[in-house]
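Accompanying notes for the structure given below.
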Amino acid sequence: MTQAKLTPGVVPGRLMQADYAVNFADVAPPLDRHAAQVAADRCYFCHDAPCITACPTGIDIPLFIRQISTGTPDAAALTIFHQNILGGMCARVCPTENLCEGACVRMEAEGQPVEIGALQRYATDGMIDAPHPFLRGAPTGKRVAVVGAGPAGLAAAHRLAAKGHEVVIFEAREKAGGLNEYGIASYKTVDGFAQAEVDWLLSIGGIQLRTGQCLGQQITLDQLRADFDAVFLAMGLGGVNALRADGEDRDNIRDAVDFIRDLRQAEDLAALPIGRDVVVIGGGMTAVDAAVQARLLGAETVTIVYRRGQDRMAASRHEQEHATSSGVRIICNAAPVAVHGNDAVAEVEFCYTQDGPGGLVQTENRFRLKADQLFRAIGQRLEGAPQALALEDGKIAVTGAGRSSVPGVWAGGDCATGGDDLTVTAVAEGRDAAEDIDEVLRGDG
Amino acid sequence: MADLRADFVGIKSPNPFWLASAPPTDKEYNVRRAFQAGWGGVVWKTLGAEGPPVVNVNGPRYGVVYGADRRVLGINNIELITDRPLEVNLREIKSVKRDYPDRALIISLMVPCDEDSWRTILKQIEDTGADGVELNFGCPHGMSERGMGSAVGQVPEYIEMVTRWVKQYSRMPCIVKLTPNVTDVRKPAEAAKRGGADAVSLINTINSITSVDLDLFAPQPTIDGKGAHGGYCGPAVKPIALNMVAEIARSAETRGLPISGIGGVTTWRDAAEFMALGAGNVQVCTAAMTYGFKVVQEMISGLRDYLDSHQMQLSDLIGRAVPNVTDWNQLNLNYVTKAVIDQDACIKCGRCYAACEDTSHQAIAMKPGRVFEVIEEECVACNLCLDVCPIEDCITMRELAPGETDKRTGLPRGGYANWTTHPNNPLARAAE
């Protein structure tokens, strides 16, 4: 143990330099050919397979696994990409235990599903360095604006480009990828995979990427509607919910998404400051990603505190187990009431909660956790949506395949209603909106 | 505990598991290891006549067919008979037999089809103290092109002639090993019996090409860009072997002729099946080549367990299923069964549905929630659903009670009646 490990406060370099590479290595190393064959042999090739139904993008999973088992992983990759052009990232980040693998009939047979996620990665990894497999259709002369280069925007752009439309993506940040690039734990997508996947996706052609273009600042919806034949909004959720606890303005309190972003973009992980005692408030994937990475950066104690019961956590069971096995403590049924300290946070005070008939009830039973750093991970919200759009539950209201209340404007991904806030759901929504836009632009819709 | 000691045509062995004449039994070193591992007997790899030994290819000798997870289902080989000098083999046989007097040691032979060649070799074998000979009339490659192996085994007259010489010039028990590369295996078995054979052993390997290299466009194993057919063995050939064993066991001409069963015996259960169909013992090769000699220990414990749990002696098992092997026209057409799906055991994979809907009789309904139910009105009891179901005993076949109405035909289940008396049979006259 280095002395830095015990230094109080938020400091960089808690670990030996070599430990960073070990800690942030691929959390689920890829299957080699043999392991993939063994895993593929377990698939029963079910009729009307439940795993396909459980996949938001409807990938023909038994078919791609059969293609792996017969020694044609590139054909397997095409089966995947036809439905989900971001199949590589989804193979890494999908909560498969709640989706395809959770539906696998082998769960019923022996409680061990076919390793669909790992097999999908095996198939798609082989194609990321290969020439782009899809060709564009004949040019239509139509132009479509896509706002946001996250999973929904990229999926839509690719499908539109494949149909022969010209696409311009307007991305607020410096890089494309959205949460794939900025919002997912580093150990899930190592070696710059997110950017490699974006580059590969864009290499279909016909897609212009303009970064540093934020809706409401550099661009407006009215202008886009005037300049393009259709608009697809997929800018995600830019705002972060507040704790609404006393003392929330003290130092060393951050949004977990910012911490994750900085970590993903860091050239040198040793330069990232991290607390000795870290508290993360929230119950989703972001909370887990922040908490685990805080541990991996050398925090001595990391605690996730979630206000409801553990079964209500949005993070999958697998993610929760990953957190606890990484040394993260999870406290449930507790809500923050105050942040104590002088300038910076020193302690966080919680009260235990109970489910009451009118919702969550705070009890008088309180406790404090030592904390020199606090991360908020209690959800994101839509920020800066154009006035013209009807909203529903704080998101852009859509019907059908992402049609907004404004003609010619579609929306998908986390910023729009419908579906879970998952990468794979965003891909499905982007793809389906693109199909709908294509039909409308061709006059069939 | 069941006694596994076997007496096959007077050759005694501590258990009925012999290693077949093949690469595992080519020399003293291997055979000693086999006996140490517990094998009851060994058929020494085929010896040829004196003189320069045969030569083998110096590239791959085996081709393989895999099941899931590279499980070996079948091996094909292009190896020939022993490529070591005769005198070396004879010396080693004598040495092994001296140290393992309780084990069966049989010598496989293949010499040119003339009386002198056989007389000469038999004398030499007798001097080793070996327990018997097996005549290799089965090898389908290499030697057959030189007028030996299956070239003899495919001509019943040759089999009879050579067998007669062997019985004339030797007092040793003579087992004739049969090739499956014939249209009716009973004919060579009858010839062996006429020649005075003490037993037949079957099957030898089956002519085969296991796979084609799709880059070289050549059969595998590939020798410098070319391939020749080889002999196929292993679990994949067991069904073919079982049928041939049963045909000989139940044929009026060969009934009672001792049989040494060969062909894909991998577990005690395979061995028990061969024995139930009339084999007095079994010979094993591919299982040993895949897993090593230790596999015999599972065969011994498994067969013993089975016999004990059924309160049978080994002799009770041999041939016990033969009376139940019959011709199709003797099968009871009034025996009616229906598939039953155990909903608690069902994992909802739908393979039964796909198989029945696409390729059979549309007798399984797929209901909401992926509930699969048999439609008895359509079920012809083919049992394909059961065969493709990944869960053992999830689908079973229920036999209709006598008098119970078959919902498919609307007729009550009747008593025994077969095709020979069926009204649709133009040749049916028995009832009149």
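Rule-based calculations on the coordinates, nothing more; no lab input. Note that the coordinates shown come from a computational prediction; the quantities given were computed from them, not determined experimentally. Note: ideal-geometry Cβ built from the backbone for every residue, glycine included; neighbour counts use all protein chains shown.
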Using the beta-carbon distance between B:R269 and B:E145 and R0 = 41 Å, what value does 1/(1 + (r/R0)^6) give for FRET efficiency, to the nearest 0.05?
0.65
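With +1 on each Lys and Arg Cβ and -1 on each Asp and Glu Cβ, how big is the dipole of the stretch A:33-125 about its Cα centre, in debye rounded to the nearest 20?
Details: 6 positive and 10 negative charges, 41 e Å.
Dipole of the stretch A:33-125, to the nearest 20 debye: 200 debye.
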Going residue by residue through the stretch A:171-180, the Karplus relation 6.51 cos²θ - 1.76 cosθ + 1.60 with θ = phi - 60° gives ³J(HN,Hα) values, rounded to whole Hz and with x marking Gly or Pro, of 10, 5, 8, 6, 10, 7, x, x, 5, 4
Per the beta carbon screen (other Cys under 4.7 Å), unpartnered cysteines of chain B come out as B:C113, B:C139, B:C174, B:C233, B:C285, B:C346, B:C356, B:C379, B:C382, B:C389, B:C394
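For A:H340 and A:D19, what does the FRET efficiency come to when R0 = 41 Å and r is the distance between their Cβ atoms, rounded to the nearest 0.05?
Values: r = 32 Å, r/R0 = 0.77.
For A:H340 and A:D19, the calculated efficiency is 0.80.
Once fully extended, how much extra length lies between B:W419 and B:D83, figured as 0.36 nm per residue of separation less the alpha-carbon to alpha-carbon distance? Each step should come with its number before you reach the end.
Working: separation 336, 0.36 × 336 = 120.96 nm, distance 5.40 nm.
Additional length available on full extension: 115.6 nm.
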Taking Cα atoms only, helix A:256-265 is inclined relative to the longest principal axis of chain A by an angle, in degrees rounded to 10, of 70 degrees
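Could you list B:W18, B:W44 in order of exposure, starting from the residue whose Cβ has the fewest other Cβ atoms within 10 Å? Don't skip to the answer; put the middle values down first.
Values: B:W18 32, B:W44 29.
Going from least to most buried by this count: B:W44, B:W18.
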Rounded if a/c is under 1.5, else prolate if a/b beats b/c, else oblate: with a ≥ b ≥ c from the C-alpha gyration tensor eigenvalues square-rooted, which is the stretch A:241-376?
oblate
Could you please state, rounded to a whole Å, how far the C-alpha centre of the stretch A:381-418 is from the C-alpha centre of the stretch A:154-186?
18 Å
Candidate lysines for bridging to A:K163, where Cα separation is under 22 Å - those fewer than 8 sequence places away on the same chain excluded:
A:K142
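Here are some pairs, A:K5/A:K370; B:K338/B:K407; B:K177/B:K294; which of them have Cα atoms lying more than 18 Å apart in this structure? Walk me through the numbers before you get to the answer.
Working: A:K5/A:K370 16 Å; B:K338/B:K407 10 Å; B:K177/B:K294 25 Å.
Beyond 18 Å: B:K177/B:K294.
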Whole-Å distance linking the alpha carbon centroid of the stretch B:105-153 with that of the stretch A:312-353 is 82 Å
What are the residues whose amide H is under 5 Å from the amide H of A:I169, where those residues sit 5 or more places off or on another chain and H is modelled from the backbone?
A:V146, A:Q208, A:L209, A:R210
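Looking at the protein assembly as shown, I'd like the Rg to Rh ratio, where Rg is from alpha-carbon atoms and Rh is Kirkwood's inverse mean 1/r. Each step should come with its number before you reach the end.
Values: Rg = 37.2 Å, Rh = 33.3 Å.
For the protein assembly as shown, the value is 1.12.
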Taking θ = phi - 60°, what integer Hz values does the Karplus form 6.51 cos²θ - 1.76 cosθ + 1.60 yield along the stretch A:11-16, in sequence order, with x for Gly and Pro?
10, x, x, 6, 10, 5
Percent antiparallel among DSSP beta bridges (both partners in the protein assembly as shown, rounded to 5)
45 percent
Checking the a/c ratio against 1.5 first, then a/b against b/c, what shape does the Cα gyration tensor give for the stretch B:20-134?
oblate
For A:D420 and A:A266, FRET efficiency with R0 = 30 Å and r from the beta-carbon atoms, rounded to 0.05?
0.55
If one compares the long axis through the Cα atoms of helix A:285-296 with the longest principal axis of the Cα atoms of chain A, the angle in degrees, nearest 10, works out at 60 degrees
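Provide a whole-number value for the mean count of partner chain Cβ atoms within 10 Å of the Cβ atoms in peptide B:348-354.
Numbers: counts 8, 14, 8, 5, 1, 3, 4.
For this peptide, the per-residue mean of nearby foreign Cβ atoms is 6.
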For the stretch A:39-45, Karplus couplings with θ = phi - 60° (6.51, -1.76, 1.60), whole Hz, Gly/Pro x
5, 5, 4, 7, 6, 8, 6
Other-chain or far-sequence residues with amide H under 5 Å of B:G264's (modelled H):
B:G234, B:C285, B:T286
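Out of all DSSP beta bridges in chain B, what portion is antiparallel? Express it as a percent rounded to 5. The partial results should precede the final answer.
Values: 29 of 57 bridges.
Antiparallel: roughly 50 percent of the beta bridges in chain B.
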For the protein assembly as shown, whose charge dipole is built from +1 on Lys and Arg Cβ atoms and -1 on Asp and Glu Cβ atoms, the candidate among A:T417, B:N181, B:F35 with its Cα farthest towards the positive end is B:F35
Long-range HN-HN contacts of A:C332 with modeled amide H, under 5 Å:
A:Y306
In nm, give the distance between the simple-model label positions of B:D305 and B:A401, each being 7 Å from the Cα along the Cα-to-Cβ direction.
3.6 nm
Can you give me the C-alpha center-to-center distance between the stretch B:278-342 and the stretch A:55-110, rounded to a whole angstrom?
41 Å
In terms of Cα to Cα distance under 19 Å, which lysines are near enough to B:K94, apart from those fewer than 8 places away along the same chain?
B:K12, B:K27, B:K45, B:K123
Can you compute the modelled spin-label distance between A:N98 and A:E110, with each label point 7 Å from Cα toward Cβ, in nm?
2.8 nm
Would you list the P(r) distribution for chain B, with all Cα-Cα distances sorted into 10 Å bins from 0 and each bin expressed as a whole %?
4, 19, 26, 23, 15, 9, 3, 0
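Under the rule a/c < 1.5 gives rounded, and otherwise a/b versus b/c splits prolate from oblate, where does the stretch A:24-160 land using the Cα gyration tensor? If you can, show how the numbers build up before the last one.
Working: a/c = 1.82, a/b = 1.70, b/c = 1.07.
Prolate, because a/c is 1.5 or more and a/b exceeds b/c.
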Virtual spin-label span in nm between A:R368 and A:R317, 7 Å along Cα→Cβ
3.8 nm
If you count, for each residue, the other Cβ atoms within 10 Å and average over each peptide, how do B:52-60, A:410-418, A:20-28 line up from highest to lowest?
A:410-418, A:20-28, B:52-60
How far is helix B:186-195 tilted, in degrees, relative to the longest principal axis of the Cα atoms in chain B, given as a value from 0 to 90 rounded to the nearest 10?
40 degrees
Have a look at the DSSP beta bridges in the stretch B:1-137 and tell me what percent are antiparallel, nearest 5.
40 percent
